[in-house]
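Have a look at the structure below, then the notes.
The values are calculated or read from the model by the stated rules, or taken from the named source; none is laboratory data. What you see is a predicted model, and the numbers here were worked out from it, not measured in a lab. Glycine also receives a Cβ, built like all others from the backbone with ideal geometry; neighbour counts cover every protein chain displayed.
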Amino acid sequence: MKIIGTGSALPKKVVTNDMLTEFFDTSDEWIRTRTGISTRRILTDESLIDLAIEASQKALESANLKAEDLDFILCSNVNNNYVYPSMSSIVQGKIGAKCPCTDLRNACAGFIYALDVADAFIQTGRAKKILVLAAEEPTRFCHWEHRETSVLFGDGAGAAVVTEGGDYKGAQFTTISMPDVLYQRQRLEPTPFEDLSSGAYINHTMVMQGREVFKMAVTCCSNEISKLLDIYGYKKEDVKYFVLHQANLRIINGIQQYLGADASQFPTTVEKYGNTSSASVPILLDELVKGNKIQRGDMIVMSGFGAGFTTGSLLMKY
Ligand code: UT7
């Protein structure tokens, strides 16, 4: 597999840390020192589908392809206006593609899983040109009276078009079934046949044990990346950029220190966009590509972590 195009899209509404002090007891100083975040973008009069379409069209344009050329669309998405149909099937119709599609629900690590699935499709000859999309609106997972989570997130979409090529080395994945550390309950409709006091209809917003997620993220992602470098015979110095999930600057610094790599190898967008869940890796990748920071042939690592508890890391040549 190789990447032949990238694209991204963000909401226009910029929300500063100071603006959040209107809703709960927090401060610009706390948010910046604990997370590195100064601003985030939040959906207002656009929809997530608009962002997903824009990111997809930009990725197709930069790949020099038309939507009809695609033979599969994979989308990482956990929350949008619809429980079904899938986000990928909505985007397919709007951009004028005709191919089959499916969504993956691996939250913040979702883009890494989607790229690995795309590679498997290409290797087995089942598809040649695939749009891999991540579109997320985590600001709607949050309870907007909970400062512990609401200050962390922003919305966004990022995409890559991939095709046959020898650039992909491989991936490492970790699933530790611990829903309690980070989860969101589905909003369910009650039936007349059950005990409504069971608690199933309350608390459908995000619940997170921040410190636990922080530690697990640093440990699991660092281990996965070290293993990848070992397996494929690369040193940390051979990697141009570690394109990590943009959740918290301190988590990124933790992984950097664990690997003993240089800070300049860890580009970030978390300061301006906050945590956009699985969209953060492709948004950052797109910024590096469009800013001519990544050249053809550069080695890159991508890595994501989240939802109780799922991580993934991959190594490839750009
Ligand atoms: O995509 C994956 C998603 N999740 C993550 O990446 C989260 C990973 N975890 C983290 O990034 C960090 O754990 C947080 C940023 C969430 C929290 O940072 P922390 O350094 O672990 O702080 P803490 O949870 O230990 O809280 C420290 C204090 C507490 O007050 P007390 O008990 O010490 O009096 C909190 O109540 O900070 C308080 N606090 C806040 N204060 C001001 C928590 N949230 C806020 C806030 N503003 N927004």
Pairs under 6 Å by beta carbon, first residue at pLDDT below 95 in the range 39-65, partner part of a helix (DSSP H, G or I) and aliphatic (A, V, I, L, M), six or more apart or different chains? none
Working only within the range 231-284, note down all residues that are more than 17 Å from the chain's Cα centre (by Cα), part of a loop (DSSP other than H, G, I, E, B) and under 21 Å from residue 113 (Cα atoms). none
Read through the list (1) in contact with a Leu (Cβ under 7 Å, 6 or more places away or on another chain); (2) in a loop (DSSP other than H, G, I, E, B), then give the number of the only condition that residue 43 fails. (1)
Residue among 109, 171, 118, 160 that is within 16 Å of the ligand (Cβ to nearest atom), crowded, with 18+ Cβ neighbours inside 10 Å, at pLDDT 95 or above and under 22 Å from the mean Cα position of the chain (by Cα): 109
Which of the residues belonging to the range 134-149 are more than 9 Å from the ligand (Cβ to nearest atom) and either over 18 Å from residue 187 (Cα atoms) or β-branched (Val, Ile, Thr) (or both)? 134, 135, 139, 145
For the range 300-310, check the following and say yes or no: at least one residue is within 16 Å of the ligand (Cβ to nearest atom) and farther than 27 Å from residue 180 by Cα. no
Residues in the range 182-240 that are surrounded by 20 or more Cβ atoms within 10 Å (Cβ to Cβ) and within 16 Å of the ligand (Cβ to nearest atom): how many? 11
Only residues that are buried (at least 23 other Cβ atoms within 10 Å of the Cβ) and within 17 Å of residue 315 (Cβ to Cβ): list them for the range 282-297, please. 282, 284, 285
Give just the number: which of (1) more than 15 Å from the ligand (Cβ to nearest atom); (2) touching a Phe, Trp or Tyr at 6+ places or on another chain (Cβ under 9 Å); (3) under 28 Å from residue 224 (Cα atoms) does residue 42 not satisfy? (3)
Quick check on my filter: what residues within the range 79-106 are in contact with a Leu (Cβ under 9 Å, 6 or more places away or on another chain) and modelled with pLDDT of 95 or more? 87, 88, 91, 92, 95, 97, 98, 99, 101, 102, 103, 104
In the range 148-199, which residues are charged (D, E, K, R), within 28 Å of residue 56 (Cβ to Cβ) and part of a loop (DSSP other than H, G, I, E, B)? 155, 164, 167, 187
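For (1) part of a loop (DSSP other than H, G, I, E, B); (2) more than 29 Å from residue 133 (Cα to Cα), each residue gets a yes or a no:
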| residue | (1), (2) |
| --- | --- |
| 5 | no, no |
| 22 | yes, yes |
| 30 | no, yes |
| 33 | no, yes |
